[in-house]
1. Counting other beta carbons within 10 Å of each residue's own, what order do Ile52, Ile87 fall into, fewest first?
2. Taking neighbour counts of Cβ atoms within 10 Å as a proxy for exposure, in what order, fewest first, do His43, His36, His100 appear?
3. Just grab the label-to-label distance for Ser46 and Lys58, each label 7 Å out from Cα along the Cβ direction, in nm (one decimal).
4. Starting with the fewest neighbours, write out Val72, Val49 ranked by other beta-carbon atoms found within 10 Å of each beta-carbon.
5. Could you tell me the relative contact order of the stretch 40-100? Use alpha-carbon pairs under 8 Å, at least six residues apart, and round to a whole percent.
Amino acid sequence: MAGNICIKYLPPSGGGRTRAFASRERGRSAKLTGKHSLTIAGHATSLTVEPIFWEALKAAAETENKPLAALVAEIDEARTTNLSSAIRVWLYERATAPRH
């Protein structure tokens, strides 16, 4: 039987709300995704990504010395798909880009 589990996490640094959801499908293990609320260009938005992508995004913002919302705004401006997918692609491209 399929069901949903809602797990609440502590708010991320900088204010927004974070919630994680896990869904179970017949015999498959649950995958957690977190729903994160941010303000970008004065508009509240949310994105849903797996914890590993959220942590990588926070680390990228820190590495680039940018607030998390500013980095997400840059990704948002260049995206051609939904924001969550754009973030995953951006992180993948960043991780696989040649280092100079």
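1. Placing the least packed residue first, the sequence is Ile52, Ile87.
2. The most exposed by this proxy come first: His100, His43, His36.
3. Between Ser46 and Lys58, the simple spin-label model gives 1.9 nm.
4. Val49, Val72
5. 36 percent
Read the figures in this text as sums done on the coordinates, not as results from a lab. None of these values were measured; they are calculated from a predicted model. Don't worry about glycine lacking a Cβ; one is built from the backbone with ideal geometry, like all the others, and counts go over all protein chains shown.
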